[in-house]
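Take a look at the structure set out below.
The values are calculated or read from the model by the stated rules, or taken from the named source; none is laboratory data. From a predicted model like this one, the values you see are computed outputs, not experimental measurements. Ideal geometry is used to build each Cβ from the backbone, glycine not excepted, and the neighbour counts take in all protein chains shown. Surface accessibility is based on the protein's heavy atoms, side chains included, excluding ligands, DNA and RNA. Shrake-Rupley method; radii C 1.70, N 1.55, O 1.52, S 1.80 Å.
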Amino acid sequence: MCRHLVYLGPPVPLAALLVEPPYGLQHQTWAPRDMRGGGTINVDGFGAGWYTPAGPMRYRRAVPIWTDKNFAALARVTAVGAVLAAVRSATPGMTVTDDACAPFTADGWFFSHNGFVAGWPDTMAKLAERLPVTDLLTMDAPTDAAFVWTLVRDRLRAGYGPAEALRATVAEVSAAAAGSRLNLLLTDGEKAYATTSGHALAVHHAVGRVLVASEPFDDDPGWVQVPDRRLVVAGPAAYTVEEL
């Protein structure tokens, strides 16, 4: 399992989102509050992707977030108005490298997967057959999360809207690998798209800003828990929750 978060709103330091909150992603690395039986810690790496005037920027490391002093310094001085970040708990047997950490990115999108694909990789063999060979050969890492991103990206490039790309991917993977957990998170810097399929998700919306996260990073009563099997579409102005 993993923990992930999207923030969209007025620029704030990365540290205010990831490091400083009492139950933020840094805290969730060693003491998450809602793993739902999917492990106990998230120390197999972390990553953050945000948008700058020069284009998307990404930082990934295969170490616990609290051990990276360079990121701590960067987070204090880097203000972001749109960011997707994640801390990783690698599925047993999967590689632990920088490239295996979310967010995955292409074409201006950032993506993260909180969960696992049951029976990986055997259950995905048939789905892989329909993907371009070059996409499979250039996956960031030989992991279930990177493969799910390849499925989503293929649909986005085929003309699917982001919400429908996530919905179709969850349905396809769930049918091939029953028991998978598929909480997916996708953003283009303007909106966030998220699914709940086997794991937790919460939304905090205020005037001009929104957070979508695996779990609340503080005790603010404005956090709203999202039920299972839902699709969230969120932006700074509003958010919707519908059946997945």
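Being more than 17 Å from residue 185 (Cα to Cα) and open to solvent by 10 Å² or more (accessible area, probe 1.4 Å) narrows it down to one of 80, 43, so name that one. So that I can check it myself, show each step before the final result.
On the way: 80 fails: open to solvent by 10 Å² or more (accessible area, probe 1.4 Å).
Checking each option against the conditions leaves just 43.
Residue 7 fulfils the conditions (1) at pLDDT below 95; (2) buried (at least 18 other Cβ atoms within 10 Å of the Cβ) except for a single criterion, (1).
So how many residues does the stretch 61-74 have that are buried (at least 18 other Cβ atoms within 10 Å of the Cβ) and assigned to a helix (DSSP H, G or I)? Final tally of qualifying residues: 2.
Picking from residues in the stretch 192-244 that are acidic (Asp, Glu) and within 19 Å of residue 180 (Cα to Cα), the one that is surrounded by the most Cβ atoms within 10 Å (Cβ to Cβ) is 228. The strands (runs of 3 or more DSSP E) found wholly in the stretch 75-161 and carrying at least 2 residues that are among the polar types (S, T, N, Q) occupy 109-116.
Results for (1) under 20 Å from residue 94 (Cβ atoms); (2) touching a helix residue (DSSP H, G or I) at 6+ places or on another chain (Cβ under 6 Å); (3) free of Cβ contacts under 8 Å to residues at least 24 places away in the same chain, shown as yes or no for each residue.
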residue	(1), (2), (3)
15	no, yes, no
19	no, yes, no
22	no, no, no
33	no, no, no
49	no, no, no
56	no, no, no
68	no, no, yes
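I'd like to know if the stretch 5-15 contains one or more residues that are farther than 26 Å from residue 237 by Cα, among the hydrophobic types (A, V, I, L, M, F, W, C), more than 15 Å from the chain's Cα centre (by Cα) and not in a loop (DSSP other than H, G, I, E, B). No, because not a single residue in the stretch 5-15 is farther than 26 Å from residue 237 by Cα, among the hydrophobic types (A, V, I, L, M, F, W, C), more than 15 Å from the chain's Cα centre (by Cα) and not in a loop (DSSP other than H, G, I, E, B).
Look at (1) touching a strand residue (DSSP E or B) at 6+ places or on another chain (Cβ under 9 Å); (2) open to solvent by less than 40 Å² (accessible area, probe 1.4 Å) and you find that residue 181 fails only one, number (2). With respect to the conditions (1) of a type in the set (Lys, Arg); (2) crowded, with 17+ Cβ neighbours inside 10 Å; (3) over 26 Å from residue 211 (Cα atoms), residue 126 falls short on a single one, namely (2). Scan the stretch 143-169 for residues that are surrounded by fewer than 20 Cβ atoms within 10 Å (Cβ to Cβ), touching a residue at least 24 places away in the same chain (Cβ under 8 Å) and of a type in the set (Lys, Arg) and the total you get is 1.
In summary, strands (runs of 3 or more DSSP E) completely within the stretch 170-244 and bearing 2 or more residues that are touching a residue at least 12 places away in the same chain (Cβ under 8 Å) and more than 16 Å from the chain's Cα centre (by Cα) occur at 202-206, 223-225, 239-243.
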